[in-house]
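Presented below is the structure to which this report refers.
Where a number appears in this text, it was derived from the coordinates with a stated rule and is not lab data. What you are looking at is a predicted structure, and each value in this text was computed from that prediction instead of being measured. In this analysis, Cβ positions are derived from the backbone assuming ideal geometry, glycine residues included, and neighbour counts consider all displayed protein chains.
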């Protein structure tokens, strides 16, 4: 059994042409012999955002802290602590922080693709 | 895409000989065509606990709120908001709330077994 705080994992900084102000962490994955699915935790700073993109695999998301919006078929849906987001494969999506606190969420993906 | 609050799902109450004070919810699962893994959210009341048990599948857990302990190979490890727990298959485990607030966590399992 592995018991940690998510902040125990060194973050990978994501700041590029299509994404801004993100700390990403793989908290449960292949290194733990988790062979079916992988848990990452993302912190998006105020004014930060993830890329608007599409891919073949799904996301299962639990929002832990903060407030933001998710792009959902042409509109923006609000998310706050306790929100659940299921994004099927091949569905375009983007997250942005619309608050002042970091937007923190766990985002799970199936195994067999890059973990971060 | 599905965007909800976890509290939008009607809880299943779990109170029996081996578990106490639990509200369980399947928030992403087969009904959503999520075919690889399933997200449940559990709220454990003050003084509540899950069964001490063992099974063949893993758990990937993100602790959202409250404080408690998880049984880990003969000892009890503390968990709080932001804790991550990975329980491999066939490893005995139990959760208990040791605080006053509900202990709330997302607990993911692979598909192909009962969702709750």
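The table below lists the values:
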| item | result |
| --- | --- |
| Two-site label geometry, residue B:18 and residue A:115: point separation in nm, points 7 Å out along Cα→Cβ | 3.1 nm |
| Where labels lie 7 Å past Cα in the beta-carbon direction, separation of residue B:101 and residue A:67 in nm | 1.8 nm |
| At 7 Å out from Cα toward Cβ: residue A:31 inter-copy label distances (nm, ascending) | 3.7 |
| Nearest-first distances (nm) between copies at residue A:111, label 7 Å from Cα via Cβ | 1.6 |
| Selected from A:18, A:84, A:28 as most flexible by GNM, with chain A as the system and alpha-carbon contacts under 10 Å | A:18 |
| Inter-copy label distances at residue B:67 (7 Å, Cα→Cβ; nm, one decimal) | 2.8 |
| Residue among B:32, B:15, B:78 with the largest mean-square fluctuation in a Gaussian network model of chain B, springs linking Cα atoms under 10 Å | B:32 |
| Within a Gaussian network of chain B (alpha carbon springs, distance under 10 Å), most fluctuating of B:34, B:81, B:46 | B:34 |
| Rotation relating A and B, chain B residue nearest the axis via C-beta, angstrom | B:37, 2 |
| Part-to-part distance (alpha-carbon centres) for the range A:70-104 and the range B:5-69, which is given in Å | 23 Å |
